[in-house]
1. Which value, in Å to one decimal place, does the Kirkwood hydrodynamic radius take for the stretch 149-209 when every pair of different Cα atoms is included?
2. Using the 10 angstrom Cβ neighbour count as an exposure proxy, how do M1, M74 rank, fewest first?
3. Quick one: net charge around R368, please, counting Lys, Arg +1 and Asp, Glu -1 for every other residue with C-beta under 14 Å from its C-beta.
4. Given the options Y86, T114, A344, identify the residue whose Cα lies farthest towards the positive end of the charge dipole of the chain (+1 on Cβ of Lys, Arg; -1 on Cβ of Asp, Glu).
5. In a solvent-free Debye calculation with one equal scatterer on each Cα, what is log10 I(q)/I(0) for the stretch 268-353 at q = 0.21 Å⁻¹, listed in the order of the q values?
6. Neighbouring Cβ atoms within 10 Å as the yardstick, rank K308, K98, K239, K268 fewest first.
7. Please give the contour-minus-distance gain from E201 to E338: 0.36 nm per residue of separation, less the Cα-Cα distance, rounded to one decimal in nm.
8. Run the dipole for the chain about the Cα centre, Lys and Arg Cβ at +1, Asp and Glu Cβ at -1, nothing else charged, and hand back the magnitude in debye, nearest 20.
Amino acid sequence: MKTAVIHEWLVTYAGSEQVCEQMLQTFPEADLFSLVDFLSEELRFFIQHRPVTTSFLQNLPFAQGHFRKYLPLMPLAIEQFDLEGYDVILSSNHAVAKGVLTRADQLHISYIHTPIRYAWDLQQQYLQGAGLKKGVGAIAAAIILHYLRLWDLATVSRVDHFLANSHFVARRVQKTYRRDATVIYPPVSVDRFRPNPDREEFYLTVSRFVPYKRVDLTVEAFNRLGLPLVVIGDGPDRKRVEAIAAANVQLLGRQPDDVVEDYLQRCKAFVFPAEEDFGITVVEAQAAGAPVIAYGKGGATETVIPGKTGILFPQQTVECLVEAVQFFETQAQSFDIEVLRLHAERFAPDRFRREFFQFVDQRWTEFR
């Protein structure tokens, strides 16, 4: 079968790109399509330095730094890809990739990282973060997102089978699209971590500084606790978080992967207050031997075993996180890094490739 892989944009190497990487390793002869390709040379390893077919967005003014501002054009752009010669189309979707046009004799399988969050359940947070809650800009943004939702629903019928990166996302796929999705957990590069049994006394969080990640909640909780906290990451909320951080909170900004790995392998525990679709860093922390203190909703409920690999707190409040950390302080010695490591290995890339290949192969056999 001749295969095409559709990825929304190639600009960095994060969670969805790790899925794309493993898709390409599973089907090495596949051709790759993306709305834009601005990968630096050192990041092209994950697409095996293969050529990329891009859309007209690639050549629009200021696209390299501001391609997200062309969101209203993305549905049109994704529909322009010529997939005439392909038997199987595999889309990696968190925005518009599933909207590619296919024929009745082509099999389309879409791996859903999330339905478009800023058009559905995170619309208000998205508008607030973009400063679009009032005025003409707010009206224009609301209209654009309204039509994006209509287009998103209209493209559901273009997909033969949905995959989801967690049961949490599968429920959102059912709610949003009224379609079932098979869960295949995303790949996590657990082998790059070396658990250290001698943990240090600081807590760690690694996150983008955006509202729904709730970095502010973690900082406020540790302000009260007075315990050492290291925060790695950057984003639009950084100045606001810096303004409230007490002396026991150390903000390191964005750090390279090797520095993040080092801190994960040394920290006492990893703090994760966000409601995420999956949460790759939660699995990475466990692979590095760090117990996790996480908000008990979303993907963390599927990747953390309470009492064995971490603690889940019930409400996204400072008080609940403070209580969870205080409880962890009394239980820290009971967490076994071997148990943490073995649990994390359930999410290794070879498991993803095996499950993904079996699913595609079976669906193709049935289809043809």
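1. 15.2 Å
2. Arranged by neighbour count, lowest to highest, M1, M74 become M1, M74.
3. For residues surrounding R368, the net value is -2.
4. Looking along the dipole axis, the top candidate is T114.
5. -0.91
6. Going from sparsest to densest Cβ surroundings: K239, K308, K268, K98.
7. 47.4 nm
8. Once rounded to the nearest 20, the dipole reads 1040 debye.
Readers should treat all values here as calculations from the given coordinates under stated rules, not as data from a laboratory. For clarity, every value in this text was computed on a predicted model and none was experimentally measured. Virtual Cβ from ideal backbone geometry, glycine too; neighbours counted across all protein chains shown.
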